[in-house]
Amino acid sequence: MFNTDIYSYVDVLTKAADASWMRESAISNNLANISTPNYKRQDVDFESILESELGHSKYTTLDEKIAGIHLDHLVPRTYTDSAGYSYRVDGNNVDVDTENVELAAEQLRYQGLTTSINHEFSRIKSVIK
């Protein structure tokens, strides 16, 4: 059987899309709890995990970095943002304007990731023809 990394980019993009979906859910949850006293906003970290997994070598191609990546290490982490900080009297640190901007940005990111996944499949399909 052939040993190929044909789906490596798709796998990484899928992990990123999953993380983006998680972040959208966290932001939506933040907006839902905007009036909950002492609620602290949640966020999802994926970028730093991906960055550390890809490495920082500028002399390595992206293909080599992706080929050496461990997909089981690409697990997004949910965390409480600014847990000790609140500018509101009720102890809540969710700002509706910031959350709405973050949600819009995350929706654009998710759309870009799914478009990239579709392009990768189109490239694979054109090679197979």
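Summary of computed values
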item	result
Dimensionless Rg over Rh [region 1-74; C-alpha; Kirkwood]	1.16
Listed residues 110, 7 arranged by accessible area, highest first, probe 1.4 Å	7, 110
For the chain, calculated [θ]222 nm from helices alone, where every DSSP H run of n ≥ 4 adds -39500 (n - 2.57)	-19000 deg cm²/dmol
Sequence-distant aspartates and glutamates (8 or more away, or on other chains) whose Cα lies within less than 17 Å of residue 40	24, 81, 90, 95, 97, 99, 102
Principal axis box of the chain, alpha-carbon based, largest edge first, Å	62, 30, 26
Largest-first ordering by accessible area, 1.4 Å probe, given options 128, 27	128, 27
Residue of 89, 101, 75 that the Gaussian network model of the chain assigns the largest fluctuation, springs spanning Cα pairs under 10 Å	89
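The values are calculated or read from the model by the stated rules, or taken from the named source; none is laboratory data. Just so we're clear, the structure is a prediction, and the values are computed from it rather than from any experiment. All accessible areas refer to the heavy atoms of the entire protein, side chains included, with ligands and DNA or RNA removed. Shrake-Rupley method; radii C 1.70, N 1.55, O 1.52, S 1.80 Å.
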